[in-house]
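Structure record follows, encoded as structure tokens.
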Amino acid sequence: MLLIALALLQTTPVAVAAAEEPIAPYAQSNANAGAKPFESDGMWRAFHGREGVDRIVDGLVERSLVDPRISDTFKGHDMVRLRRVLKEQFCHLLGGGCAYSGRTMKDSHKDMGLQTADMGALVENLQAEMNEEGVPFFAQNRLLAKLAPMKRDVVER
Ligand code: HEM
């Protein structure tokens, strides 16, 4: 009886919300993050360190998932992975010392058909989250200035 129960436990699928879907292999490098990190820890402190960045990224993803301008874009994509690698990317760029393990901005957004307006919507959502976190305006703008040139790899012409 115990053996049957154990066998059943092993074969019954269990919903694991935190699991990521497998993706094709790629070369990992901090260079994939698309920009060089800030050198001092001022920006990291302005964003309230890891906890602040985690709150901002979670809020950004949640806000974008219900934003009628861009929510469709996220359907069918792995949000567990997106949250993880976005947190790494922000931590890396803000000088928090994280390694970025995600793909390049070009590869991540390939064939998604993103336009300038989509980028604008995402930036607005990020600004809303940075405001909610109480990130000083000058620090918000310094991060946005670092992300802005990535538009050429994200948006399709
Ligand atoms: C500077 C702007 C942006 C940055 C820094 C950024 C960052 C990232 C990162 C780090 C990833 C994950 C890479 C990986 O899985 O290895 C990603 C994927 C993704 N991004 Fe962005 N992103 C930007 C703009 C946008 C915009 C404008 C949209 C849509 C409105 C978008 C939608 C997505 C989606 C749906 C994925 C998942 C792709 C997949 O599952 O393969 N991103 N982005």
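The values are calculated or read from the model by the stated rules, or taken from the named source; none is laboratory data. Here the structure is a predicted model, which is why all the values come from computation and not from measurement. A quick note on method: Cβ atoms are made from the backbone with ideal geometry, for glycine too, and the neighbour counts reach across all protein chains shown.
Going through (1) of a type outside the set (V, I, T); (2) touching a Lys or Arg at 6+ places or on another chain (Cβ under 8 Å); (3) under 20 Å from K36 (Cβ atoms) one by one, A145 falls short only on (2). P37 falls short of the stated requirement of being over 18 Å from the mean Cα position of the chain (by Cα), at pLDDT 95 or above and not acidic (D, E).
Here N131 does not fit the description of being in a helix (DSSP H, G or I), within 14 Å of the ligand (Cβ to nearest atom) and among the polar types (S, T, N, Q). Could you list all residues from the range 139-157 that are closer than 15 Å to L94 by Cα and without any contact (Cβ under 8 Å) to a residue 40 or more places away in the chain? Those that are closer than 15 Å to L94 by Cα and without any contact (Cβ under 8 Å) to a residue 40 or more places away in the chain: Q140, N141, L144, A145, A148. On the basis of being closer than 26 Å to E20 by Cα and either surrounded by fewer than 19 Cβ atoms within 10 Å (Cβ to Cβ) or at pLDDT below 95 (or both), does H92 make the cut? Judged against the criteria, H92 is not a match. Based on what the data block shows, is K151 surrounded by fewer than 17 Cβ atoms within 10 Å (Cβ to Cβ) and within 8 Å of the ligand (Cβ to nearest atom)? Judged against the criteria, K151 is a match. Looking only at the range 113-128, how many residues end up being free of Cβ contacts under 8 Å to residues at least 24 places away in the same chain and near the ligand (Cβ under 9 Å from one of its atoms)? Qualifying residue count, the range 113-128: 1.
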